[in-house]
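The values are calculated or read from the model by the stated rules, or taken from the named source; none is laboratory data. Values in this document were obtained by computation on a predicted structure and should not be read as measured data. Glycine also receives a Cβ, built like all others from the backbone with ideal geometry; neighbour counts cover every protein chain displayed. Quick note on the areas: whole protein, heavy atoms, side chains included, nothing else; ligands and nucleic acids left out. Shrake-Rupley method; radii C 1.70, N 1.55, O 1.52, S 1.80 Å.
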Amino acid sequence: WKESYKAHFSPWNYKSFHLIPSWERNNYIVPENDIYLHLDPGMAFGTGNHETTRMCIEFLIDHRICFSKHGTLIDLGCGSGILSLVGKRLGYADILGVDNDPDAVRISNENALLNDISSGVDFKISDLSNMEIGNEKYDCIVANIQADILQLCCDQINLLAKDNSVIILSGILSKEIDEVIDTFLKDNSPRLQNYKVKTSGEWSSVLFSRF
């Protein structure tokens, strides 16, 4: 049963980015000059096939040109490490992935090694409600968690954002997206300049531009 997740994880691509299960790495041909990531999520959340994760990746890819190679990213609830490692592939220089599950942090580190990523990405065990990361701020914050936790931790999330940054939120049921948006706009207006929403099936994600 521990291997059953493999039946639900198949390769896919968005624009020039390709996500490939590690067990398919010898069978999948990546076009020249395209970007790819090999992944074995194990028992951690984050294969890229779930709508919430895929929309985050699409947002990251669509906004990759916003930041230079010294850009920073924090991945809240990193799961398999997929969003952190996608960020590294897209050119972010320094990335921190945090999760309150030690197994998720272990799997994230294993996936970094699987992709020969040895620097610029750090994973640590931490809970969003009481993170201790000093005064560090980021060019991109991505949090694929769930609506109630995102709303509860709205202040903590926004404290992590630099000026001229983006905040990507996912794990939100479409029926909850308006409430999440209202929470972030109410508590942070006018710092959140505008937002974009993606919807797939019963799930939605939102990207806020912060200035």
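When the listed pairs Lys124/Lys175; Lys15/Lys137; Lys88/Lys198; Lys88/Lys137 are checked against a 27 Å cut-off, the alpha-carbon distance exceeds it for Lys124/Lys175; Lys15/Lys137.
Placing +1 on the Cβ of every Lys and Arg and -1 on the Cβ of every Asp and Glu, with nothing else charged, gives the chain a dipole about its Cα centre of roughly 500 debye. Taking label positions 7 Å along the Cα-Cβ direction at both Asp148 and Lys162, the computed distance is 3.5 nm, reported to one decimal.
One compactness figure for the range 106-211 is 1.14, namely its Cα radius of gyration divided by 2.2 N^0.38 Å. If you run the Gaussian network model on the chain, springs between alpha carbon atoms under 10 Å, then out of Glu32, Glu136, Glu58 the most flexible one is Glu32.
Per DSSP H run of n ≥ 4, the term is -39500 (n - 2.57); total these for the chain, divide by its residue number, and report the mean residue ellipticity at 222 nm rounded to 500 deg cm²/dmol. -8000 deg cm²/dmol, from helical runs alone.
Accessible surface of the range 112-166, 1.4 Å probe: 46 percent of it comes from carbon and sulfur atoms.
For the pair Ser118 and Asp62 in one chain, pulling the backbone fully straight at 0.36 nm per residue adds 17.6 nm over the alpha carbon distance.
From largest to smallest, the equivalent ellipsoid semi-axes obtained for the chain from the alpha-carbon gyration tensor read 26, 18, 17 Å.
Taking the range 52-113, how much of its Cα-Cα pair set, in percent, is spaced more than 15 angstrom apart?
Values: 888 of 1891 pairs.
The proportion of pairs with Cα distances above 15 Å equals 47 percent.
An ellipsoid equivalent to the range 96-137, defined through the eigenvalues of its Cα gyration tensor, has semi-axes of 20, 14, 5 Å when rounded to whole angstrom and sorted largest first.
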